[in-house]
Amino acid sequence: MPAAFLTVFLAYPLGVLGSHVVDPTGWTRLVAASTWHVVPLALVQASASTILAVAVGLPIANVVSRYGFRGRALAQAAVTVPFVLPTVVVALAFRSLLGPGVPQGFVLVVLAHAYVNLAVVVRIVGSQWAQHDPNFENVARTLGATRWAAFRTVTLPTLRPAIASSASVVFIFSFTSLGIVLLLGDASTRTLESQILRQTSVLLDFPGAAATAVVQLVLVSSVLAAGMLASRRSTRRRMRPVTLRPVPSDPAGRIGVLGTAAITLAIVTAPVAALVVTSFRAAGSWSLAWWTGVTSVDAGTSRIGSPLSALATSLAFAVICAVVACVVGGLAAVAVLTHGRTRVMSLVAIVPLGISSATLGLGTLLAFGRPPIDLRGSGLLVPIAHSLVAVPLVVAVVAPALLGADARPMAVAASLGARPTRAFLTAYGSVLRVVMLASAGLACAVSLGEFGAASFLTRAGSPTVPVQIVRLLSRPGEQSYGVAAVLAVILVILTLSIVLLVDRLGTGRLRPRTAAA
Amino acid sequence: MTVPRVETQALTIGYPGRLVAAGIDLVVLPGEIVAIVGPSGSGKSTLLSTIVGVVPALGGTIRVDGRAVTTVPIHERGVGLVFQEPLLFPHLSVQDNVMYGLRRQGTTKEEARRRSAELLEWLDLPGYGDRSVDELSGGQAQRVALARALAPRPAVLLLDEPFSALDTELRQRLALDVAATLRREGVGAIHVTHDPKEAADMADRVVAMTDFSRP
């Protein structure tokens, strides 16, 4: 079943997309200058975003992963917040923080991308750094290296695979960014993703959009492959159990560690706080006007639609996405368990990185949005596209939990006469209940925040919340901006609640029962 | 009068809020190997960490070749350190590991290569320079760690149970090789060990530390 789902809803749309490029006119499109002229802009923007995210992320990774201090867990969790927030929410939060006086463009886009992706660098590099024995640096220092030289010549080379891996992920996220580029960018910050949307919705140039999507797919796959290669080129390292170091006793070291933690918290919370403030400010004073007006703004026009109905649409899509992703992903994880294909699992988990949401949305639109198969009226296209993004996440959550569970009760149950399904549930039922709940939460969070595919597939009268936010922001007026901020705050609350719930499930009740013997 | 390689006077060691030992007077002469034995928690490793500069001294003075280094940064003390594990830099070859300290001193590449080859020869690893550190056995890796520590000609070498992870036969052979190399180089050494036999075999003097916290 998972294979059939992925074949119909992933392989087929991508095939349809590719078929637009295979014919002679498609090939002309592929090599045309108009297809490629955005590439240098996107490369420069993604490179700058990556450099900034790594430069800011490294000192934070050093502090939150290596030193023990009060508030460390809070700082570590706070860094993750921007990453789980929907990108249009982040973009709006940045606009709220910096105010209307700051011109949109390159700097703003790069700042927002670095903000969102800080967690990628901190998590990937931090986990490596935490296991790096500090005595390597002590040895280097006894050999005459200054503190900086020891870091540059010993620590940094050890971390290089993790840095390369995180940098490639940040680069891809920035290179394929859509929501942030649309809301914070200008002509100098277009990405291939925004170009695909423009070609589809403004120029109605579907073959051109298909050619751009193929170019993006090839470039992203290349970066992904290079990142995997670089992270694989690691020498065997001495790893040790993670033990947190005390905060240095000298004033400079103390200020360095605690100051970095404080600045991290300030950086992470400032845009979200500004967003919340914006939702309560109207005509220069504190007001609940936007919150009370969330049901009525433009309720009569089909162009924008009611903000509250957008919330209802998003929630309905999130539920469908969760059900589909959990069924398909859960069955795929069971297949991984029963066939022992752990490599397949890691491959499945990484596939969506290479396929951008706009590519997915465009492919789905071309395959199922017009005759002979026209599903636009069914309202299923958006949740199906969201499910495709969520399925790998579900597999990544469920499969390791199943692989870590004790399989022996299954054999015992079977020996006592239980049918295969009953025997399976005897061994894995309790684990499955927890991980499927966590997976459903993750799928909901993905669906609630997803913008790229939804922007292609949403019908005019029933937008999702992120699409609604972008539509509201495209109109002038304080009311549109205020109501967009309210919707964004609601998304922040929903997303963080779900992520917190999933985190609690993951760290509390989900403890894989490994064989004691 | 011979200037000691390392000399501590009324040295107090410990961590903020935790005193480990106080009033330590220790002298190590050129080419002399002093073994320190004592129960776990008596402060042997803390003493080494304090002399090398990883842990700040709580009181007293440390002199290296007659120079007061109590507040001098680690990289300027001229004190070498070898841990229980070799901690070879994994991204460098054997030769580059041995040359690391020499390059930090500004020694030319040619001179650093010559010195590296000489030390590897003395420590029974001739021709190993181009190898990856991943290819070495435990004993070989510890020899390379020793060569790396000796290469920049430290005044004193601190050995923190460097042989404890090796089997008995290898440990005895390596201890004798190391002792010979240290004497040949004229380096003073403080050797922390749990093994009284190893201490007696290798050292010129044996010093016992007791648990300061126990009455």
## Note on the structure
Most packed first (mean Cβ within 10 Å per residue), the peptides A:366-379, A:393-406 order as A:393-406, A:366-379
### Summary
Going residue by residue through segment A:103-117, the Karplus relation 6.51 cos²θ - 1.76 cosθ + 1.60 with θ = phi - 60° gives ³J(HN,Hα) values, rounded to whole Hz and with x marking Gly or Pro, of x, 5, x, 3, 4, 5, 5, 5, 4, 5, 5, 4, 4, 4, 8
#### Entry: Per-pair calculated FRET efficiency, R0 = 22 Å: A:SER474 and A:THR295 via Cβ, rounded to 0.05
0.60
#### Entry: Residue-averaged [θ]222 nm for chain A, counting only DSSP H segments that reach four residues, each worth -39500 (n - 2.57)
-24000 deg cm²/dmol
### Where labels lie 7 Å past Cα in the beta-carbon direction, separation of A:LEU204 and B:LYS197 in nm
9.2 nm
### Summary
Partner shielding of A:102-114, as the mean number of partner chain Cβ atoms within 10 Å, equals 0
#### Entry: Simple label model, 7 Å out from Cα along Cβ direction - A:ARG370 to B:ASP211, nm
8.2 nm
### Task
Would you list the P(r) distribution for segment B:6-211, with all Cα-Cα distances sorted into 10 Å bins from 0 and each bin expressed as a whole %?
9, 36, 36, 17, 2
### Query
So, counting K/R as plus one and D/E as minus one, what does the shell of residues with Cβ under 12 Å around A:THR464 add up to?
+1
### Message
Compute the distance from the alpha-carbon center of segment A:110-156 to that of segment A:357-378, in whole Å.
### Response
46 Å
### Task
Using the Karplus curve 6.51 cos²θ - 1.76 cosθ + 1.60 with θ = phi - 60°, work out ³J(HN,Hα) for each residue of segment A:127-139 in order, rounded to whole Hz, and write x for Gly and Pro.
5, 6, 5, 4, 8, 7, 5, x, 5, 4, 5, 4, 4
### Task
For B:SER164 and B:ARG18, calculate 0.36 nm times their separation in residues minus their Cα-Cα distance, and state this gained length in nm to one decimal.
49.8 nm
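Within 10 Å of each Cβ in peptide A:72-82, how many partner chain Cβ atoms are there on average? Round it to a whole number, please. If you can, show how the numbers build up before the last one.
Numbers: counts 0, 0, 0, 0, 0, 0, 0, 0, 0, 0, 0.
Per residue, the number of nearby Cβ atoms from other chains is 0 on average.
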## Note on the structure
Interchain or sequence-distant (5+) residues whose placed amide H lies within less than 5 Å of the amide H of B:ALA208 are B:VAL37
### Query
Got a sec? Charge dipole of the protein assembly as shown, +1 on Cβ for Lys and Arg, -1 for Asp and Glu; which of A:HIS132, A:LEU500, B:GLY31 is way out at the positive end?
A:LEU500
### Query
So what does log10 I(q)/I(0) come out to for the protein assembly as shown at q = 0.10 Å⁻¹, using the Debye formula with one equal point on every Cα and no solvent?
-1.03
### Query
What is the gain in length, in nm to one decimal, between A:LEU156 and A:LEU244 on full extension, counting 0.36 nm per residue of separation less the C-alpha to C-alpha distance?
29.8 nm
### Message
Relative contact order of chain A, please, whole-number percent, based on alpha carbon pairs below 8 angstrom and at least 6 residues apart.
### Response
21 percent
### Task
Note down the nm distance, to one decimal, between modelled labels 7 Å out along Cα→Cβ at B:ALA10 and at B:LYS109.
5.2 nm
### Message
What's the magnitude of the charge dipole for segment B:6-211 around its Cα centre, counting Lys and Arg as +1 and Asp and Glu as -1 at the beta-carbon? Answer in Debye, nearest 20.
### Response
560 debye
### Message
Can you give the FRET efficiency to the nearest 0.05 for A:HIS37 and A:TRP148, using r as the Cβ-Cβ distance and R₀ = 41 Å?
### Response
0.45
### Task
Set Lys and Arg Cβ to +1 and Asp and Glu Cβ to -1, take the dipole of the protein assembly as shown about its Cα centre, and tell me which of B:PHE163, A:GLY330, A:ILE172 lies farthest positive.
A:GLY330
### Message
Show me the ranking of peptides A:271-281, A:81-91 by mean Cβ neighbours inside 10 Å, starting with the highest.
### Response
A:81-91, A:271-281
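Treating the beta-carbon of each Lys and Arg as +1 and of each Asp and Glu as -1, no other charges, what is the dipole magnitude of chain A about its Cα centre, to the nearest 20 debye?
I would put it at about 1580 debye.
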### Query
Between B:SER40 and A:ALA225, what is the FRET efficiency for a Förster distance of 51 Å, r being their Cβ-Cβ separation, to the nearest 0.05?
0.55
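Read the figures in this text as sums done on the coordinates, not as results from a lab. Keep in mind that this is a model prediction, so the values were computed, not measured. Reconstructed Cβ throughout: ideal geometry from the backbone, glycine too, with neighbour counts over all protein chains shown.
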